[in-house]
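Asks: I'd like to ask some things about the structure below.
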Amino acid sequence: MHTEYLTQSKFDEFKKELEYLKTEKRTEIAKSLEYAKSLGDLSENAEYHEARNSQAVVEDRISHLEALLKSASIVSSHSTDTVAVGTTVTLKRESDGSKKTFTIVGSEESDAAGGKISVRSPLGSAAMGKSKGESFSFETPSGTMTYKVLDIE
């Protein structure tokens, strides 16, 4: 089992979702199953099969969240001289000079469009431990990419 990096707010969000699934959602599905059983013949009962599928999806999500929260390491923004989980880094792509700013987060919080990249992504893992002014490269399907660290917050 690997460590999953989460911000405190994301950890709290997952914890709240887990509580909702274990209480309200399980109860809701149990009621759906009881209703579907009351309709008779389970072999051709679409409501029953739908409720069973919903139950499987919810139980799967509960298992995932429990494992995730158990292995989570809470990170916070902090001042550092090197790129680490929780830092915001401004990078310049050497090939075209374009600049982008990203926050390095755990894989559960990654959202490239929102400026959050996973520590396990090729770019995120290559940037880890780098200092301001340092260049680094990594392989992508379209070739080698080289970036320079402009700023770390």
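Please treat every number below as a calculation from the coordinates, not as lab data. Worth saying up front: this structure is predicted, and the values here are computed from it rather than measured. Neighbour counts run over all protein chains shown; Cβ positions are idealised from the backbone, glycine included.
Asks: Taking the Cβ of Glu13 as the center, what net charge do the other residues with Cβ under 12 Å away carry, scoring Lys and Arg +1 and Asp and Glu -1?
Replies: Here the count lands on -2.
Asks: Calculate the spin-label point distance for Met145 paired with Ser73, positioning each point 7 Å from the Cα along the beta-carbon direction, and give it in nanometres.
Replies: Inter-label distance under the simple model: 2.4 nm.
Asks: Among the trypsin sites (Lys or Arg not before Pro) within the stretch 23-95, which fall in a DSSP loop and have no more than 11 other Cβ atoms within 10 Å of their own Cβ?
Replies: Here no trypsin sites (Lys or Arg not before Pro) fit, given the DSSP loop and packing criteria.
Asks: Determine which lysines satisfy two conditions relative to Lys99: a Cα distance under 16 Å, and not lying fewer than 8 residues away in the same chain.
Replies: Lys116, Lys132, Lys148
Asks: Can you tell me which aspartates and glutamates have their Cα less than 13 Å from the Cα of Lys16? Leave out same-chain residues fewer than eight positions away.
Replies: Leaving aside aspartates and glutamates fewer than 8 places away in the same chain, those within reach of Lys16 are Glu24, Glu66.
Asks: Count charges around Lys148 for me, please; just the other residues with Cβ under 10 Å from its Cβ, Lys/Arg as +1, Asp/Glu as -1.
Replies: Charge balance in the 10 Å sphere: +3.
Asks: Now for a different question. Could you name the aspartates and glutamates in cross-link range of Lys25, using Cα to Cα under 15 Å and dropping any fewer than eight places away on the same chain?
Replies: Hits, sequence-local ones excluded: Glu17, Glu34, Glu50, Glu59, Asp60.
Asks: Within the stretch 126-153, list the residues whose amide N lies under 18 Å from a label point set 7 Å along Cα→Cβ of Asp81.
Replies: What the label zone holds, given the 18 Å backbone N cut-off, is 128-135, 149-153.
Asks: Using r as the Cβ-Cβ distance of Arg61 and Asp12, and R0 as 25 Å, what FRET efficiency do you calculate, to the nearest 0.05?
Replies: Plugging the Cβ-Cβ distance into 1/(1 + (r/R0)^6) gives 0.90.
Asks: What is the extension gain from Ser54 to Ser98, computed as 0.36 nm multiplied by their sequence separation minus the C-alpha to C-alpha distance, in nm to one decimal?
Replies: Gain on stretching Ser54 to Ser98: 11.3 nm.
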